[in-house]
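Chemist: My structure is below; once you've seen it, I'll send some questions.
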Amino acid sequence: MISNINERNFRGVDLNLLVTFLVLMRERSVSGAARKLFIGQPAASSALARLRELFGDELLVRGPHGMEPTARALALEAALAPALGDVQSALFDAVAFDPATAGHTFTLGMPDWVELWLMPRLFERVRLEAPGVRIAVKVCDPFTGTAMLEAGEIDLGIGAFRDGPRWQKYTPLRTMGFRCLFNPALVKTRRRGRLALADYTAHPHVLVSYRAAFESAADEQLAAQGLRRDVRYVTPRFSLVPEILRHSPAIGTAPEVLAPLWPDLVSCPVPVALPAFDVSAIGHVRRERDPALAWLLDVIAAVARE
């Protein structure tokens with residue numbers, strides 16, 4: 001509350017200096033922070049010196065991999081990032097958002113399978129409700145979403161994201177599982193339209209991996225039974241999988257929401273126990289009170305539930 005503020009505690013504290021501190025923490029580099037802040041490197045070095053004096057701590061010290069934060073710096077970052085996010089919202093967020101009249105551009109980060117599943121219906125919904133709104137999509141995945149969000153490259157990330165820093169806000173959208181896909185003219189199975197475990201291990205596989213890995217949770221399940229499958233091709237894009245399966249006697253595994261998009265391929269349960277996974281939207285806490293982003297998030301959640 002305002003009555004709890006002691007103005008004498010803020011003497012000599014420059015709000016811009018705190019912003020510089022957060023950029024320094026993000027960049028882990030004086031020269032990198034200078035570029036982001038559009039100031040010279042001497043000015044950034046001077047700001048770091050003032051911050052060290054203000055907090056009585058080195059904050060950033062040279063290590064084997066560049067500048068590394070002290071424990072005090074990490075604690076300050078955790079406390080200051082949400083607080084300055086609230087200040088930014090109070091100063092610059094619009095008080096209202098009318099989708100029917102708004103002219104706004106949103107940048108969303110998502111892997112290709114989420115775009116295939118979500119964007120056709122989301123685009124049509126936005127087109128009808130907010131004809132002046134534009135959407136740009138950047139490719140991101142569970143390994144890159146947090147960094148893109150922190151750097152301001154995207155407004156929201158949508159996908160199967162893992163736990164992140166305290167400033168990362170999660171909105172659950174949907175829980176789903178996987179389906180196996182194959183061309184029935186090329187993959188012959190013991191039971192028509194289904195895969196027995198013997199069928200699953202007898203044919204080559206196409207695997208989607210964002211890190212070019214030839215193993216996944218399915219391989220761990222098989223290994224526990226003394227079995228293995230033959231992964232012959234790895235790609236970071238689900239959109240390529242159906243075209244490969246149409247021409248090869250191979251099996252692919254994809255999120256279940258994609259199976260209806262490729263009706264010429266057989267879709268059946270995966271014959272190994274794969275856990276369901278959650279699809280969420282991630283955003284930055286500093287944008288939590290942004291009415292435009294709140295509207296879009298509501299629309300995304302509604303479309304994802306359909």
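The values are calculated or read from the model by the stated rules, or taken from the named source; none is laboratory data. All values reported here derive from a predicted model rather than from experimental measurement. Virtual Cβ from ideal backbone geometry, glycine too; neighbours counted across all protein chains shown. Note: accessible area is taken over every heavy atom of the protein model, side chains too, but ligands, DNA and RNA are not part of it. Shrake-Rupley method; radii C 1.70, N 1.55, O 1.52, S 1.80 Å.
Chemist: Report, in debye and to the nearest 20, how large the dipole of region 212-306 comes out about its Cα centre when Lys and Arg carry +1 and Asp and Glu carry -1 on their Cβ. Please list the in-between numbers first.
Modeler: Working: 9 positive and 12 negative charges, 35 e Å.
Dipole size: approximately 160 debye.
Chemist: Still on this model: Along the Cα→Cβ direction, 7 angstrom out, place labels at F55 and R162. What is the inter-label distance in nm?
Modeler: Those two pseudo-labels are separated by 2.6 nm.
Chemist: Okay, moving on. What are the residues whose amide H is under 5 Å from the amide H of L156, where those residues sit 5 or more places off or on another chain and H is modelled from the backbone?
Modeler: Close amide H contacts, sequence-distant or interchain: T107, G109.
Chemist: Taking the simple approach of a point 7 Å from Cα along Cα-to-Cβ for both R35 and L227, what is their distance in nm?
Modeler: 5.0 nm
Chemist: Compute the length gained on full extension between R62 and Q88: take 0.36 nm times their separation in residues and subtract their Cα-Cα distance, giving the result in nm to one decimal.
Modeler: 6.3 nm
Chemist: Apply 1/(1 + (r/R0)^6) to the Cβ-Cβ distance of L80 and A302, taking R0 = 41 Å, and write down the FRET efficiency to the nearest 0.05.
Modeler: FRET efficiency, L80 to A302: 0.75.
Chemist: Below 8 Å, C-alpha to C-alpha, sequence gap of six or more: please give me the relative contact order for the chain in percent.
Modeler: Over the chain, the number comes to 21 percent.
Chemist: Also: For region 7-92, just the Cα atoms, rotate onto the principal axes and tell me the three extents in Å, largest first.
Modeler: Extents along the principal axes, in whole Å: 38, 26, 21.
Chemist: Note the full-extension length gain between H247 and N16 as 0.36 nm times their separation in residues minus their Cα-Cα distance, in nm to one decimal.
Modeler: Length gained, H247 through N16: 77.3 nm.
Chemist: Now for a separate question. For region 223-231, take each phi angle, set θ = phi - 60°, evaluate the Karplus expression 6.51 cos²θ - 1.76 cosθ + 1.60, and give the result in whole Hz per residue in order, putting x for glycine and proline.
Modeler: 4, 5, 9, x, 10, 8, 10, 9, 7
Chemist: Same structure, new question: So how do 273-285, 123-135 stack up, highest first, on mean other-Cβ count within 10 Å? It would help to have the intermediate numbers written out before the result.
Modeler: On the way: 273-285: 16.8, 123-135: 14.5.
Descending packing order for the listed peptides: 273-285, 123-135.
Chemist: How big is the dipole moment of the chain about its Cα centre under a simple scheme where the beta carbon of each Lys and Arg is +1, that of each Asp and Glu is -1, and everything else is neutral? Debye, nearest 20, please. Don't skip to the end; give the middle numbers.
Modeler: Numbers: 35 positive and 33 negative charges, 140 e Å.
The calculated dipole for the chain is roughly 680 debye.
Chemist: Let me ask another. When a/c is below 1.5 the answer is rounded, else prolate if a/b is larger than b/c, else oblate, so apply that to the chain with a ≥ b ≥ c taken from the square roots of the Cα gyration tensor eigenvalues.
Modeler: Prolate, because a/c is 1.5 or more and a/b exceeds b/c.
Chemist: From largest to smallest, what semi-axes in whole angstrom does region 162-306 give when each is the square root of 5 times an eigenvalue of its alpha carbon gyration tensor?
Modeler: 34, 17, 13
Chemist: Given the whole protein assembly as supplied and a 1.4 Å probe, what does the accessible area of T144 come to in Å², nearest 10?
Modeler: T144 has an accessible surface of roughly 40 Å² with all protein chains in place.
Chemist: Which whole-number percent gives the relative contact order of region 178-275, counting Cα pairs below 8 Å spaced six or more residues apart?
Modeler: Computed value for region 178-275: 51 percent relative contact order.
Chemist: With an 8 Å cut-off on Cα pairs and a minimum separation of 6 or more residues, tell me the relative contact order of region 7-92 in percent.
Modeler: Answer for region 7-92 is 26 percent.
Chemist: So, R0 is 35 Å and r is the distance between the beta-carbons of F143 and R192; what FRET efficiency does that work out to, to 0.05? Before the final figure, lay out the partial values.
Modeler: Details: r = 39 Å, r/R0 = 1.11.
Efficiency for this residue pair is about 0.35.
Chemist: Let me ask another. Hey, with R₀ at 51 Å, roughly what FRET efficiency would R72 and E256 work out to, going by the Cβ-Cβ distance, to 0.05?
Modeler: Numbers: r = 47 Å, r/R0 = 0.93.
FRET efficiency, R72 to E256: 0.60.
Chemist: Can you pull the one-decimal nm distance between simple spin-label points at S46 and E220, each 7 Å off the Cα toward Cβ?
Modeler: 5.3 nm
Chemist: I've got another one for you. Cβ neighbours within 10 Å, averaged per peptide: list 286-296, 29-39 in order, most packed at the top. Could you put the intermediate results ahead of the total?
Modeler: Values: 286-296: 18.4, 29-39: 16.3.
Averaged packing, sorted descending, gives the order 286-296, 29-39.
Chemist: Keeping all protein chains in the complex and leaving out DNA, RNA and ligands, what accessible area do you get for L116 with a 1.4 Å probe, in Å² to the nearest 10?
Modeler: 60 Å²
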